[in-house]
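Here's a structure for you.
The values are calculated or read from the model by the stated rules, or taken from the named source; none is laboratory data. A quick note: this is a predicted structure, and the numbers were derived from the prediction, not measured. Cβ placement follows ideal geometry from the backbone for every residue including glycine, while neighbour counts extend to all protein chains displayed. Calculation scope for accessible area: heavy atoms of the full protein, side chains included, ligands and nucleic acids excluded. Shrake-Rupley method; radii C 1.70, N 1.55, O 1.52, S 1.80 Å.
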Amino acid sequence: SMTGLTLLVGFVPLLWISHGYGPSRGDWWRMFGWAWLAFVLWNGATIWGLWYSTPVGPFAATLASTFLNMLAFMLFHTVSKRAHKALAYTLLVAGWIATEYWYTVGEFSFPWLLLGNGFANDVRAVQWYEYTGLFGGSLWVLVCNLLLFEAWLHRRSVRHWVRAALAVAVPLAVSLTIYARWEEPSERIEVAVVQPNVDCYDKFNTGADGQLANLLSLLGEVPSSARLIAMPETALVEGINESYLAASPSLGRIEAALAADHPDALLVVGADTYKVYAGGNRTGTARFRNGIWYDRFNTALALDAEGVRGIHHKSRLVIGVEKMPLPWLFDWLSFLIIDLGGTTGQLGVDTQRTVFAADGVRVAPAICYESVYGAYVGEFVRGGAQLLLVITNDGWWRDTAIHRQHFSFARLRAIEHRRAVARSANTGISGFIDARGDVAGPTLGWAERGVLTRAVALSDEQTVYTRYGDYLGRMAQYVMSLCLLYFVAYRIKRRNYLVD
């Protein structure tokens, strides 16, 4: 619930420390120490709640995030002592955004602490994310910090203070204007989200029948007018063979309940599924056991009274939980992987995004961690999704800030793609978010069980960000490379006495 607007001045102390040091090697290491301390504390204090799901998680994420932060900042510090200030500032902005982009698309991906995510609870301030995505927020933070720092250095210069004030105020004014002029589409569908409130640490060690009875009881509370019903990630834990979906007892009982009380509704439910491969016809993520090759999936199933209508496999996987990066190098670390979602090791993934259809309405079934990636969610929207559905299992982090942050990130997805969001959590926060990023109506909070229903607006609009994705991150890589090449050329010329 805290504001992210403090980020607009958050780098000023580090910039001040950097300004006070000279070009000597000793000063470089002193700056390294201050920057390392600042970034470790910032990362660790934000994501310490990961400890509850895996003790190695907060340490690994803090180290990876700090490494990328240090790379960008120390490149800036080094260049600032040996070249023009404009080049150093450009390198800081481009380098920081480029390293954030790498953290989004790379093998080690945990984009929790991207600067643009800091405004997840300040949605009225960042309505222009529909044009830039969250990297626009990172750009705003960096530019404001640099201009405010320059204003502090030139405290008696009105021009510098005006420039800094405009950098803060103009994006805010543009955002508030977009927010005020936004008109919600008239087409709607009634959606119900279910929160069963099952302890996830017992979830995969207790009988599936009791959990199914809990889900069916909640399904009985859903109004008959609902046309789309959402149940959370891995709500069904029995382990379903995708070749024999019609034979699943759990799915059969749900389909019967739908036929009795909700014959016109589509239900999206998370499930633990697997697929068996014959002969050598297998994927790179397949496992071998008892003479057979098979893949395990964290799955969203779409079904109605007649049977299963669609399958989506979670494809943005949690590092060290559902996916071990560089498996040829990290197989020896497999003992650190814990069981989140009913499976361990590398899960199978989809190469394309599946959009579910409910009574002519197209729905994006994002599973848990997938909702953190704006460009990834955009693939569903480009595929025709009119509504974003997030099914998740947030109990792993207990009642810490992590599950609240996860909910807030969905507010940014709503703005980026101008899609309403319906969110069903096993426990955590379930509820609805409109296309301006506002939380719509009441929510079900931590350790609450129940059902929420709401008429949710639909949209066919595609924003600039939907169409072009993380273009700012891609551009930043090239600008960073050009800055470094220019710096190398500049230093060579200085050694040859061709510049002053």
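Heavy atoms only, probe 1.4 angstrom, no DNA, RNA or ligands counted: give me LEU91, LEU41, LEU68 ranked by accessible area, highest first.
Greatest to least solvent exposure: LEU41, LEU68, LEU91.
Taking all protein chains together and a probe of 1.4 Å, list LEU113, LEU37 from the most accessible to the least accessible.
LEU37, LEU113
Carbon and sulfur atoms: what percent of the 1.4 Å accessible area of the chain do they account for?
Result for the chain: 59 percent of the exposed heavy-atom area is carbon or sulfur.
Bin by bin, in steps of 10 Å, what percent of the Cα pairs in segment 209-308 do you find, going until the bin that has the longest distance?
Reading the bins upward from 0: 15, 45, 25, 12, 3.
Where only protein heavy atoms count, and the probe is 1.4 Å, what is the accessible area per residue for the chain in Å²?
With all protein chains present, the chain gives 43 Å² per residue.
Follow-up. Under a 5 Å amide H to amide H cut-off, with H placed in plane at 1.01 Å, what residues pair with ILE229 once short-range neighbours are removed?
Those lying under 5 Å, H to H, from ILE229 are ALA192, LEU266, LEU267, VAL268.
Still on this structure, please answer the following. Taking only C-alpha pairs under 8 Å that are 6+ residues apart, what is the relative contact order of segment 124-205 in percent?
It rounds to 37 percent for segment 124-205.
Now for a different question. Estimate the FRET efficiency between THR6 and ARG156 by the formula 1/(1 + (r/R0)^6), using the beta-carbon distance for r and 30 Å for R0, to the nearest 0.05.
Efficiency computed from Cβ-Cβ geometry: 0.70.
Can you give me the relative contact order of segment 387-500 as a percent, contacts being Cα pairs under 8 Å and 6 or more apart?
Averaging sequence separation for qualifying contacts and normalising by length gives 21 percent for segment 387-500.
Would you kindly find the accessible area of THR132, with a 1.4 Å probe and non-protein molecules such as ligands, DNA and RNA excluded, rounding to the nearest 10 Å²?
Approximately 30 Å² of THR132 is accessible to the 1.4 Å probe.
Let me ask something additional. Answer rounded, prolate or oblate for segment 84-165, using the Cα gyration tensor with square roots of eigenvalues a ≥ b ≥ c: rounded when a/c is under 1.5, else prolate when a/b is larger than b/c, else oblate.
In terms of gyration-tensor shape, oblate.
Pulled fully out, how much extra length does the chain show between ASP202 and TYR277, if you take 0.36 nm times their separation in residues and subtract their Cα-Cα distance?
Extra length from ASP202 to TYR277 when fully extended: 24.0 nm.
For segment 345-500, what's the radius of gyration and Dmax over Cα atoms, in angstrom?
21.1, 74
For labels at LEU71 and ARG449 in the simple 7 Å Cα→Cβ model, what's the distance in nm?
4.7 nm
Show me, for segment 188-201, the HN-Hα J-couplings you get by feeding each phi into the Karplus relation (A = 6.51, B = -1.76, C = 1.60, θ = phi - 60°), rounded to Hz, glycine and proline as x.
3J(HN,Hα) across segment 188-201, in whole Hz: 9, 9, 7, 10, 10, 10, 10, 10, x, 6, 9, 5, 5, 7.
Oh, and also: So how tilted is helix 134-153 from the main axis of the chain? Cα-based, degrees 0 to 90, rounded to 10.
Compared with the principal axis, the helix lies near 30 degrees.
With θ set to phi - 60°, apply the Karplus curve 6.51 cos²θ - 1.76 cosθ + 1.60 along segment 30-37 and write out the HN-Hα couplings as whole Hz, x wherever there is a Gly or Pro.
So the J values, rounded to whole Hz, are 5, 5, 4, x, 5, 5, 4, 4.
I would also like to ask the following. Given a 1.4 Å probe and heavy atoms of the protein chains only, how would you sort VAL193, VAL488, VAL276, largest accessible area at the top?
Result of the area sort, largest leading: VAL488, VAL276, VAL193.
So who's got an amide H within less than 5 Å of the one on LEU387, skipping anything under 5 residues away but keeping other chains? H placed 1.01 Å off N, in plane.
Placed amide hydrogens put ALA364 under 5 Å from LEU387.
Sum up the charges of everything whose Cβ sits under 13 Å from the Cβ of LEU115, counting Lys and Arg as +1 and Asp and Glu as -1, but leave LEU115 out.
Local charge sum for LEU115: -2.
Can you give me the distance in nm between label points at LEU482 and ARG188, each placed 7 Å from the Cα along the Cα-to-Cβ direction?
Between LEU482 and ARG188, the simple spin-label model gives 4.9 nm.
Follow-up. Apply the Karplus parameterisation 6.51 cos²θ - 1.76 cosθ + 1.60, with θ equal to phi minus 60°, to every residue of segment 460-472 and state each ³J(HN,Hα) to the nearest whole Hz, in sequence, with x for glycine and proline.
Going residue by residue, I get 10, 5, 10, 6, 4, 5, 4, 6, 10, x, 7, 5, 5 Hz, with x marking Gly and Pro.
Would you tell me the accessible area of HIS154, worked out with a 1.4 angstrom probe on the heavy atoms of the protein chains, in Å² to the nearest 10?
70 Å²
Right, here's the next one. Please compute the length gained on full extension between ARG124 and ARG287, using 0.36 nm multiplied by the number of residues separating them and subtracting their Cα-Cα distance.
Result for the pair: 54.0 nm of gain on full extension.
5 Å is the cut-off here: which amide hydrogens, built 1.01 Å from N in the peptide plane, fall below it relative to THR273, excluding neighbours closer than 5 in sequence?
Excluding prolines and chain starts, which carry no amide H, the hits are ILE240, PHE297, THR299.
Normalising by the residue count of the chain, find the relative contact order in percent from Cα pairs under 8 Å and 6+ residues apart.
Here the relative contact order equals 19 percent.
Subtracting the Cα-Cα distance from 0.36 nm times the residue separation, let me have the gained length for ALA256 to ALA45 in nm, one decimal.
Working it through step by step, the gained length comes to 71.2 nm.
Next question, about the same structure. Quote the convex hull volume per residue of the chain, based on C-alpha atoms, as a whole number of Å³.
159 Å³
Using the beta-carbon distance between LEU176 and ARG82 and R0 = 45 Å, what value does 1/(1 + (r/R0)^6) give for FRET efficiency, to the nearest 0.05?
For LEU176 and ARG82, the calculated efficiency is 0.60.
Can you tell me the orientation of helix 401-417 relative to the chain, as the angle in degrees between its alpha-carbon axis and the longest Cα principal axis, to the nearest 10?
For helix 401-417, the angle is close to 90 degrees.
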